[in-house]
Amino acid sequence: MLNLGLIGYPIGHSLSPWIHERFLKITQLKGKYETIEIPLELPFDKEMNRLKKQNIHGFNVTIPYKEKIIPYLDELDDEAKNIGAVNTVLNKNGKWIGYNTDARGYLRALRHYYPSLLEEKDNKILILGAGGAARAIYYGLIVAGFKKIDLANRTIESARKLLDLKIANIETNVLTLQEAEKLIHTYDLIIQTTSVGMNPNADEMIIEMNTLKEDAIVSDIVYRPLVTKFLKRGEELGAKIHHGHAMLLFQAQYSFEIWTNTSFHMDEMEKEMYEMLKGR
Ligand code: ATR
């Protein structure tokens, strides 16, 4: 009986239980995935000691504990170490090992819909935002071998901090949002990683887009709404679009693989998730 879960606060609206319960069904593994809310006023130390005593096989970590969990781990996977945040913990014979599945999750999500994009390492990419998600995606794209990845953020110093991830010899310009707007027609892939445009502020857009390169792909990691204003604008300009639920799904798949060593297909489930989110 697999004992899985999620820690964070607040997690009432998390889609992770919905996703992982379906993974359990698809793989026909017996188990449960429980949410463990840890309000900020509770001592995290005590909560972690309590969790260590329970027979939990693995768990996800979300806001605001992705960095706070690190001192409680026995081992840290290289990817999580570089990104500086953990969203998945495996209990391996009593040892807690921390992983970050966001980078690979985003890459898998991209490959699933646009496999040829991954073949062209000279494609020019723009990441909008410099938070935790941007960090993981930037790292993932570097590891995947892309050579030209620009970063743009409202606070330019935060974007500069991401440059410590530049482990390979790649070209990165750090831009203001206004500069990114002017250069937008030069990118093959544009990735929106901030919360701008998320419900209830669905009428907001991080930057305006007027002309896009032919065959450009516009990607948004926001999935509520599923088609953000940013994606709609991309579509109007003839771009191919990449919805936010894909990253959520593929990073969860990688977490589940870490816990269970099982690989599986999600095609049916992806459709089900798309339909479910479409109505929101
Ligand atoms: P996450 O971990 O989910 O990526 P985060 O670490 O809180 O979230 O990062 C939020 C990102 O959204 C940042 O890039 C932030 O820009 P700043 O660094 O300037 O704060 C960006 N962001 C949030 N609200 C924004 C807004 N209204 N306009 C522009 N950028 C915004």
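The values are calculated or read from the model by the stated rules, or taken from the named source; none is laboratory data. Since we're looking at a predicted model, the values are computed, not measured. No Cβ is skipped: glycine too gets one built from the backbone with ideal geometry, and neighbour counts run over all protein chains shown.
Please determine whether any residue of segment 239-252 is β-branched (V, I, T), within 16 Å of the chain's Cα centre (by Cα) and at pLDDT 95 or above. Scanning segment 239-252, I find no residue that is β-branched (V, I, T), within 16 Å of the chain's Cα centre (by Cα) and at pLDDT 95 or above, so the answer is no. Does segment 214-232 contain any residue that is loosely packed, with under 15 Cβ neighbours inside 10 Å, in contact with a Lys or Arg (Cβ under 8 Å, 6 or more places away or on another chain) and either closer than 29 Å to H185 by Cβ or among the aromatic types (F, W, Y) (or both)? Yes. Condition check: touching a strand residue (DSSP E or B) at 6+ places or on another chain (Cβ under 7 Å), under 19 Å from Y138 (Cα atoms), β-branched (V, I, T) and modelled with pLDDT of 95 or more. Does I258 satisfy that? Judged against the criteria, I258 is not a match.
K147 meets each of the listed conditions (1) within 16 Å of the ligand (Cβ to nearest atom); (2) free of Cβ contacts under 8 Å to residues at least 40 places away in the same chain; (3) touching a strand residue (DSSP E or B) at 6+ places or on another chain (Cβ under 7 Å) apart from (1).
Inside segment 126-144, can you point out the residues that are away from the ligand (no atom under 16 Å from the Cβ) and in contact with a strand residue (DSSP E or B) (Cβ under 8 Å, 6 or more places away or on another chain)? If the condition is that a residue be away from the ligand (no atom under 16 Å from the Cβ) and in contact with a strand residue (DSSP E or B) (Cβ under 8 Å, 6 or more places away or on another chain), then I142 is the only one that fits. Each residue in segment 30-44 was checked for being of a type outside the set (V, I, T) and surrounded by 11 or more Cβ atoms within 10 Å (Cβ to Cβ), and 7 of them qualify. Kindly evaluate G12 against the criterion of being farther than 25 Å from I170 by Cβ and in contact with a Leu (Cβ under 7 Å, 6 or more places away or on another chain). Against the criterion (farther than 25 Å from I170 by Cβ and in contact with a Leu (Cβ under 7 Å, 6 or more places away or on another chain)), G12 does not qualify. Of all residues in segment 189-205, none satisfies the criterion of being touching a residue at least 60 places away in the same chain (Cβ under 8 Å) and over 20 Å from the mean Cα position of the chain (by Cα). For segment 262-273, the count of residues that are surrounded by fewer than 18 Cβ atoms within 10 Å (Cβ to Cβ), over 20 Å from the mean Cα position of the chain (by Cα), basic (K, R) and more than 16 Å from the ligand (Cβ to nearest atom) is zero. Could you tell me whether segment 51-58 includes any residue that is in a loop (DSSP other than H, G, I, E, B), hydrophobic (A, V, I, L, M, F, W, C) and under 18 Å from I97 (Cβ atoms)? Yes; the residues of segment 51-58 include at least one that is in a loop (DSSP other than H, G, I, E, B), hydrophobic (A, V, I, L, M, F, W, C) and under 18 Å from I97 (Cβ atoms).
Taken over segment 150-182, the residue count meeting the criterion of being among the aliphatic types (A, V, I, L, M), exposed (fewer than 15 other Cβ atoms within 10 Å of the Cβ) and without any contact (Cβ under 8 Å) to a residue 24 or more places away in the chain is 1. Restricting segment 153-185 to residues that are closer than 23 Å to A239 by Cβ, more than 21 Å from the chain's Cα centre (by Cα) and in a loop (DSSP other than H, G, I, E, B), the residue that is nearest to the ligand (Cβ to nearest atom) is T176.
Yes or no, residue by residue, for (1) farther than 20 Å from S158 by Cβ; (2) touching a helix residue (DSSP H, G or I) at 6+ places or on another chain (Cβ under 6 Å):
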{"residue": "E181", "(1), (2)": "no, no"}
{"residue": "N199", "(1), (2)": "yes, no"}
{"residue": "Q253", "(1), (2)": "yes, no"}
{"residue": "F256", "(1), (2)": "yes, yes"}
{"residue": "D267", "(1), (2)": "yes, no"}
{"residue": "G279", "(1), (2)": "yes, no"}
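The set of residues in segment 186-203 being in a loop (DSSP other than H, G, I, E, B), surrounded by 14 or more Cβ atoms within 10 Å (Cβ to Cβ) and of a type outside the set (A, V, I, L, M, F, W, C) consists of Y187, D188, T193, T194, S195, G197. Number of residues in segment 247-280 that are out of contact with any His (no Cβ under 7 Å at 6 or more places or on another chain), of a type in the set (A, V, I, L, M) and not in a loop (DSSP other than H, G, I, E, B): the value is 6. Listed by first and then second residue, the pairs linking a residue in segment 247-274 that is in contact (Cβ under 8 Å) with a residue 40 or more places away in the chain to a residue that is of a type in the set (S, T, Y) and surrounded by fewer than 19 Cβ atoms within 10 Å (Cβ to Cβ), with Cβ atoms under 6 Å apart and 6 or more places separating them unless they lie on different chains, are T262/T27; F264/T27.
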